[in-house]
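The values are calculated or read from the model by the stated rules, or taken from the named source; none is laboratory data. Keep in mind the model is a prediction, meaning the values are calculated, not measured. Cβ coordinates were reconstructed from backbone atoms using ideal geometry, including for glycine residues, and neighbour counts include every protein chain displayed. Remember, those area values only see protein heavy atoms, side chains included, never the ligands or the DNA or RNA. Shrake-Rupley method; radii C 1.70, N 1.55, O 1.52, S 1.80 Å.
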Amino acid sequence: MSDGDSMNFCLSDLVPPLRWSDAARIGTLDRPGLPDAWWRTLPLHRVLAVADAEALAELLTVLALEHWPAAAVGDVLPALHVLDPDEADDPQVAIALDRAGSWHGLLALSGRELADQPFVKARPVLTALFSAVFARLAESSPESSPDRKPESPPDEPEPEPEPAGLPELIDAAFADLDDQTWMVAQNRVFTDDPSAPEQLAKLLAVPPEVLAGAEAALRGRIAHWLASPEAAPYNEHLARLTAALGVAVPKARLVAAADWHGRELRSLEVPAWRFVLATLPDHRLSGDWLVAGDIEDLRERTRGLITAAERPPTVSQALELVRSLGVRPDAAREWLDSVPQLRAQRVPRGSGLKDVSLTRRCFRQPDGRWWLRVDVSGEHLGGAEVMLPTGFAAYVGLAPGDTRTVQSAAGDIGLSWHTRPSLGSLRRILTEVAAEEGSHIFLTLSEEGLLRVRHLPAAGGDETRRALRLVGYTAPGGTPEQAARVIATRVGLTGPAGRPEILARLRERGDRDLLSLLG
């Protein structure tokens, strides 16, 4: 069996937006030498034999920028989350990484947000990132596709087969399942939504206890195989995987953790990652998270660490606390964002400071951070300090009496809270981005405590477009209903929120400019 069989998945398996996009509206997918709907039907190793990694990356870059500009880079190609950043060694990526502050921060940016970053060229950045993933995958593809003629003479023998891989090892162990056991495997053991035993028994016209016995026998067979010498290579894989996952990781990381995880096992007709999930010793799936132990217990321990801190932790400090629980660094931010009733920067009790979600001009952006909007004035352009709301100051870990320096792309900038919180002059940054009076600057601190700055020119047009610009949203068009959903999310409302709830939140926060546009 060739190495290429380890990539028995197509491009749409790697790129989720392709699954729900209308191909008729995406006119860039047709490629010479590839059949219709190749992105859904042709194994990737076959595609890479016709279009090289860079060509495939350029195609995906066009799709990301022109058709999915609001999708996070890491959502366009989730395999980037398990890529070693060193493999994307490109000057443009280095600039973007410096702006984003971290690898996770870079992958959290949408194509549009990436293009808005000063000095960042979104197209070469995306192409370099996507190329790194496809180049890694190309290394495991066969040197020639099955459709090509061998370069050696016909009477010369084709190479000795590789030793059986892990999928073949599993298939060899479970190739002889009878139909009833196979149905149990499909509907009870290797699925997110197990069928009720009574329902499955009725479908197969057997008593429920017969199926219960078949399920117990199958689980016993799996355990017996895992304990056998034949399963040693697979157990080594499980051990490495368990260490790499940490105590909590998004399900997508398990799927992308090995090339063969996305391949279907012939014996069971399920994706290999489902077999892996069922045989992990400690981890269990809870929603979209794979957790060692009880997910609610881990969430409670996370909340306890954050709220017990003597002073409001910065994002980077909160991430360190989470890592102490065993969450891997590349999943720590996502885990923080997934814990209900938790804000990484809590407000100290009795301080009289406002929650950042109730602070005027503070908006939660798609990267999960709260950003402060500063409306650029002539004083700012001349070098004046930037006054900060107390809720935002507390969010970034500043307390009354504090003075510290933060790094930015334009050098060190002072951050202090004496009479009131303030940030030092942004004149150099404003000059670099060609800011004008009336335009907007959005500010936050990265996970590592770096000052991130995003500039948006003032918006013209109707009230809806201007309101969206004030919360940092730049996508063209949109109905008032869509705008309401965006604004509700950006001011921290959860679940369905109608117009009255949004207006009430804006009044509570004091966002009079937004109220005047929406009222």
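Would it be correct to say that Arg465 is closer than 26 Å to Leu493 by Cα, of a type in the set (Lys, Arg) and open to solvent by 50 Å² or more (accessible area, probe 1.4 Å)?
Values: closer than 26 Å to Leu493 by Cα: yes; of a type in the set (Lys, Arg): yes; open to solvent by 50 Å² or more (accessible area, probe 1.4 Å): yes.
Against the criterion (closer than 26 Å to Leu493 by Cα, of a type in the set (Lys, Arg) and open to solvent by 50 Å² or more (accessible area, probe 1.4 Å)), Arg465 qualifies.
Considering Leu268, Leu254, Leu241, which residue is under 24 Å from His45 (Cβ atoms), open to solvent by less than 50 Å² (accessible area, probe 1.4 Å), at pLDDT 85 or above and part of a loop (DSSP other than H, G, I, E, B)?
Numbers: Leu254 fails: part of a loop (DSSP other than H, G, I, E, B); Leu241 fails: part of a loop (DSSP other than H, G, I, E, B).
Answer to the selection: Leu268.
When you go through Glu215, Glu168 one by one, which is the residue that is surrounded by 12 or more Cβ atoms within 10 Å (Cβ to Cβ), modelled with pLDDT of 80 or more, more than 35 Å from the chain's Cα centre (by Cα) and in a helix (DSSP H, G or I)? Before the answer, list the steps.
Numbers: Glu168 fails: more than 35 Å from the chain's Cα centre (by Cα).
Going through Glu215, Glu168 in turn, the sole match is Glu215.
What is the one condition in (1) part of a helix (DSSP H, G or I); (2) in contact (Cβ under 8 Å) with a residue 60 or more places away in the chain that Arg303 does not satisfy?
Here Arg303 clears every test but (2).
Does segment 316-331 include one or more residues that are among the β-branched types (Val, Ile, Thr), open to solvent by 10 Å² or more (accessible area, probe 1.4 Å), at pLDDT 75 or above and under 24 Å from the mean Cα position of the chain (by Cα)? Steps first, answer last, please.
Here is the first cut: in segment 316-331, the residues among the β-branched types (Val, Ile, Thr) are 322, 327.
Filter again for open to solvent by 10 Å² or more (accessible area, probe 1.4 Å), leaving none.
No: zero hits.
Starting from residues that are in contact (Cβ under 8 Å) with a residue 40 or more places away in the chain and part of a strand (DSSP E or B), keep the ones in segment 373-429 and report whichever is nearest to Leu470 (Cα to Cα).
Here the residue is Arg373.
Within segment 488-519, how many residues are open to solvent by 60 Å² or more (accessible area, probe 1.4 Å) and either touching a residue at least 60 places away in the same chain (Cβ under 8 Å) or assigned to a helix (DSSP H, G or I) (or both)?
8
With respect to Glu447, determine if the residue is open to solvent by less than 20 Å² (accessible area, probe 1.4 Å), on the phi < 0 side of the Ramachandran plot and of a type in the set (Asp, Glu). Write out each step before concluding.
Numbers: open to solvent by less than 20 Å² (accessible area, probe 1.4 Å): yes; on the phi < 0 side of the Ramachandran plot: yes; of a type in the set (Asp, Glu): yes.
Answer is yes for this residue.
If a residue must be surrounded by 15 or more Cβ atoms within 10 Å (Cβ to Cβ) and in a loop (DSSP other than H, G, I, E, B), how many such residues does segment 218-238 contain?
0
For segment 394-407, state whether one or more residues are closer than 27 Å to Gly492 by Cα, open to solvent by 10 Å² or more (accessible area, probe 1.4 Å) and among the charged types (D, E, K, R).
no
If I go through segment 431-444 residue by residue, how many of them are open to solvent by less than 10 Å² (accessible area, probe 1.4 Å) and in contact with a Ser or Thr (Cβ under 9 Å, 6 or more places away or on another chain)?
Total meeting the criteria: 0.
Quick test of your reading of the structure: Leu290 fulfils all but one of (1) outside any helix (DSSP H, G or I); (2) surrounded by fewer than 19 Cβ atoms within 10 Å (Cβ to Cβ). Name the failing condition by number.
The failed condition is (2).
Looking at segment 108-135 only, could you name the residues that are open to solvent by 40 Å² or more (accessible area, probe 1.4 Å) and either of a type in the set (Val, Ile, Thr) or in contact with a Ser or Thr (Cβ under 9 Å, 6 or more places away or on another chain) (or both)?
Applying the first criterion (open to solvent by 40 Å² or more (accessible area, probe 1.4 Å)) to segment 108-135 yields 112, 115-116, 119, 121, 123-124, 135.
Those that are open to solvent by 40 Å² or more (accessible area, probe 1.4 Å) and either of a type in the set (Val, Ile, Thr) or in contact with a Ser or Thr (Cβ under 9 Å, 6 or more places away or on another chain) (or both): Arg112, Asp116, Arg123, Pro124.
Please determine, by comparing only the residues of segment 359-369 that are part of a strand (DSSP E or B) and open to solvent by less than 10 Å² (accessible area, probe 1.4 Å), which one is nearest to Glu385 (Cα to Cα). Show your work before the answer.
In the first step, residues of segment 359-369 are kept if they are part of a strand (DSSP E or B); the result is 362-364.
Those left that are additionally open to solvent by less than 10 Å² (accessible area, probe 1.4 Å): 362-363.
Numbers: Cys362: 18, Phe363: 21 Å.
The selected residue is Cys362.
Against the conditions (1) open to solvent by less than 20 Å² (accessible area, probe 1.4 Å); (2) within 19 Å of the chain's Cα centre (by Cα); (3) under 22 Å from Thr474 (Cα atoms); (4) at pLDDT below 85, where does Leu97 fall short? Just the number, please.
Evaluating Leu97 over (1) open to solvent by less than 20 Å² (accessible area, probe 1.4 Å); (2) within 19 Å of the chain's Cα centre (by Cα); (3) under 22 Å from Thr474 (Cα atoms); (4) at pLDDT below 85 leaves (1) as the failure.
Check Ala467, Ala497, Ala475, Ala458 and return the single one that is over 22 Å from the mean Cα position of the chain (by Cα) and at pLDDT below 85. Spell out the reasoning first.
Working: Ala467 fails: at pLDDT below 85; Ala475 fails: over 22 Å from the mean Cα position of the chain (by Cα); Ala458 fails: at pLDDT below 85.
Just a single option satisfies the conditions, and that option is Ala497.
Need the failing condition index for Ser195 against (1) assigned to a loop (DSSP other than H, G, I, E, B); (2) in contact (Cβ under 8 Å) with a residue 24 or more places away in the chain; (3) surrounded by 12 or more Cβ atoms within 10 Å (Cβ to Cβ), just the number.
Every condition holds for Ser195 apart from (2).
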